[in-house]
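Each remark here refers to the structure printed beneath this line.
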Amino acid sequence: MRLDGFGLFVDDMAKMIRFYRDVLGFEIKEEENTSNVYLC
């Protein structure tokens, strides 16, 4: 069995995007007001 992905539920999407993008260095193409984000 192989894990292809998983979901995270957050209360503040904009804050989560800034953390993953600015602190952890993930490339995030979606705007901060989106409801779903693909982390790569």
Longest segment of the chain lacking trypsin sites (Lys or Arg not before Pro) that sit in a DSSP loop with at most 16 other Cβ atoms within 10 Å
3-28
Between residue 11 and residue 26, with labels modelled 7 Å along Cα→Cβ, what's the label distance in nm to one decimal, could you check?
1.9
Per-q log10 I(q)/I(0), the chain, q = 0.22, 0.35 Å⁻¹ (Debye; single scatterer per alpha-carbon; no solvent):
-0.70, -1.38
HN-Hα J in Hz across segment 11-17 - Karplus 6.51, -1.76, 1.60, θ = phi - 60°, x for Gly and Pro:
7, 10, 4, 4, 5, 5, 4
Percent RCO, i.e. relative contact order, over the chain, from Cα pairs under 8 Å lying at least 6 residues apart
32
With unit charges on the beta carbon (Lys/Arg positive, Asp/Glu negative), name the residue among 14, 1, 28 whose Cα is farthest towards the positive pole of the charge dipole of the chain.
1
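Every number in this text was worked out from the coordinates using simple rules, so none of it is lab data. Keep in mind that what you see is a predicted model, and the values were worked out from it rather than measured. For neighbour counting, all protein chains shown are included, and Cβ atoms are generated from backbone atoms with ideal geometry for every residue, glycine included.
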